[in-house]
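Reading through the structure tokens given below for one structure.
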Amino acid sequence: MYRYEQLAALIITMIDNGALAPGARLPSVRTLSDQHGVSISTALQTCRMLEDREVIVARPRSGFYVAPKPRKVLALPSASRPRARASAVSISGAVAALLEHSSNPAFLPFGCAVPDGALLESKRLDLSLARAARQHGARYNVYGTPLGDPALRGEIAKRAMRVGHMLSPDEVVITSGCTEALTLALTSVAKPGDTIAVESPTYMGLLHTLEMLGLKAVELPTDPIRGIDVAAVARLLETERVAAFAIASSFNNPLGSMMAETDKRALLEVLGRYAIPFIEDDVYGDLYFGRERPKPFIALDGGANTIYCSSFSKSLAPGYRVGWIAADRRTRQVIERKLAFSLCGAVLPQVAIAEFLARGGYDAHLRRVRQLLQGTLARMADAVEASFPAETKMSRPAGGFVLWLELPKRFDSRALFDKALDQGICFAPGDVFSASRRFRNCLRLSAGHGWNERIEDGVRRLGQLAVALLAA
Ligand SMILES: Cc1ncc(COP(=O)(O)O)c(C=O)c1O
């Protein structure tokens, strides 16, 4: 073999064994030459040959990248068509059982949509927390203000401005995760018996909260790529009384769908006609795969009737339980409720996150986390394609880290769930994502962890179980 062929064979091996993932940037021609002791022209000849074979692609002024993998592409899940009728929610038992299983470390972790601590690992955050406790432990061992740490509120307001949301730190209220933010928002705009419009499928925790607050849900037709059907919303509002909308800003859980900015504006315009409050949940907003972070709804309407909820749970520190809410003219109502529900949040985690943000480096952290999660998601999609029934349909998330699978109507994801638990595998069956318990033929897989043989084997075994179940 010539030197350039040897080097090409080495690069192909690295691609095959996953050391170089599809889309990864190759070292520069000069680095390849230095690392492998070949001349620049040999390194360039290697790259040209790999490019001719479509193993890598050249990007002008940027370098060579591993080509995206050609794959048999599974069809997209169908857009949902739920009944346009409000119904009571009864989901708490199923959600509690699922959370119990998915937090059990004995099971493979496809059940809970939370990133793995090892993957999020940020030594600098750990150091900030340790320093704050060591230096000022007594000062922070107090009841804080109900609004939360002022420095953290300032950092959150600064970041909001970067996506076009003009926010004053006085309008930010720190919460115990996005969960408390959603509860504060819902109780500020609705009373028991009222109806809340949600995506279909939607985040199971939101449905659980609706049930606990005695609120009804009306499910909206939702497309796996484009999100909510705005024309269907306009038709619904002609007949149904809806107290508020509670919708993901971007990357709905479980579909990973993303509404175009024009559709977001159109939805706000329809809601504006009926003066309906809009609660947006932006926990996945920073985990985008495109060129830039999608704008939240609140940046499009100035916040007049939008309540913004988010947290650091998906991108930095799920265990710190730090989230926030920006409720504009409803801030006073939110604070009253915050005082009643939890008085104030734990101070130390807030101080640590504030310092972490102020020191810079959160964007670099996010870039790393996005790349890792996107890599795991791509590999999980490959494993699903290779092992699940051929009729399986699969979402193509634009961000976040969950995959939604739809199987033929006769498929029962609850039966698969029981069989999978016997094999030490946990995932989320589809019916917990709907107030009317639709989607029993669907399931959600979380890809919030690193990729390794054990995980890959788990997805493949789950696929084989699904094949056997469908054939039975
Ligand atoms: C869409 C969505 N909102 C909110 C939450 C809860 O966030 P937190 O852990 O910050 O309470 C989750 C967690 O899975 C979620 O997926």
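The values are calculated or read from the model by the stated rules, or taken from the named source; none is laboratory data. What you are looking at is a predicted structure, and each value in this text was computed from that prediction instead of being measured. Please note: Cβ atoms are built from the backbone with ideal geometry, for glycine as well, and neighbour counts cover all protein chains shown. Surface areas here come from the heavy atoms of the whole protein model, side chains and all, with no ligands, DNA or RNA. Shrake-Rupley method; radii C 1.70, N 1.55, O 1.52, S 1.80 Å.
Brief remarks on what is shown
- So residue 339, is it at pLDDT 95 or above and more than 10 Å from the ligand (Cβ to nearest atom): yes
- Single residue of the range 254-275 satisfying the filter (touching a residue at least 40 places away in the same chain (Cβ under 8 Å) and open to solvent by less than 10 Å² (accessible area, probe 1.4 Å)) that is nearest to the ligand (Cβ to nearest atom): 254
Residue by residue, here is whether (1) under 20 Å from residue 102 (Cα atoms); (2) aliphatic (A, V, I, L, M); (3) modelled with pLDDT under 95; (4) in contact with a Phe, Trp or Tyr (Cβ under 8 Å, 6 or more places away or on another chain) holds:
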| site | (1), (2), (3), (4) |
| --- | --- |
| 398 | no, yes, yes, yes |
| 436 | no, no, yes, no |
| 444 | yes, no, no, yes |
| 449 | yes, no, yes, no |
| 452 | yes, no, yes, no |
| 460 | yes, no, no, no |
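- Screening 148, 137, 164 for residues that are exposed (fewer than 14 other Cβ atoms within 10 Å of the Cβ), in the same structural domain as residue 324 (by TED's automatic domain parsing) and at positive phi leaves exactly one candidate, 164.
- In the range 317-337, the residues that are out of contact with any helix residue (DSSP H, G or I) (no Cβ under 6 Å at 6 or more places or on another chain) and crowded, with 22+ Cβ neighbours inside 10 Å: 317
- Test for residue 307: is it modelled with pLDDT of 95 or more and more than 11 Å from the ligand (Cβ to nearest atom): yes
- Criterion violated by residue 116 - all others in (1) open to solvent by 60 Å² or more (accessible area, probe 1.4 Å); (2) touching a strand residue (DSSP E or B) at 6+ places or on another chain (Cβ under 9 Å); (3) assigned by TED's automatic domain parsing to the domain that holds residue 343 satisfied: (3)
- Near pairs, Cβ below 6 angstrom, 6+ apart or cross-chain, from the range 208-222 (open to solvent by less than 10 Å² (accessible area, probe 1.4 Å)) to any residue that is part of a helix (DSSP H, G or I) and modelled with pLDDT of 95 or more: 217/210
- Criterion violated by residue 39 - all others in (1) out of contact with any helix residue (DSSP H, G or I) (no Cβ under 7 Å at 6 or more places or on another chain); (2) farther than 16 Å from residue 21 by Cα satisfied: (1)
- Cβ pairs under 7 Å, 6+ apart, first in the range 9-26 and under 16 Å from residue 371 (Cβ atoms), second open to solvent by 80 Å² or more (accessible area, probe 1.4 Å) and in a loop (DSSP other than H, G, I, E, B): 22/68; 22/69; 23/68
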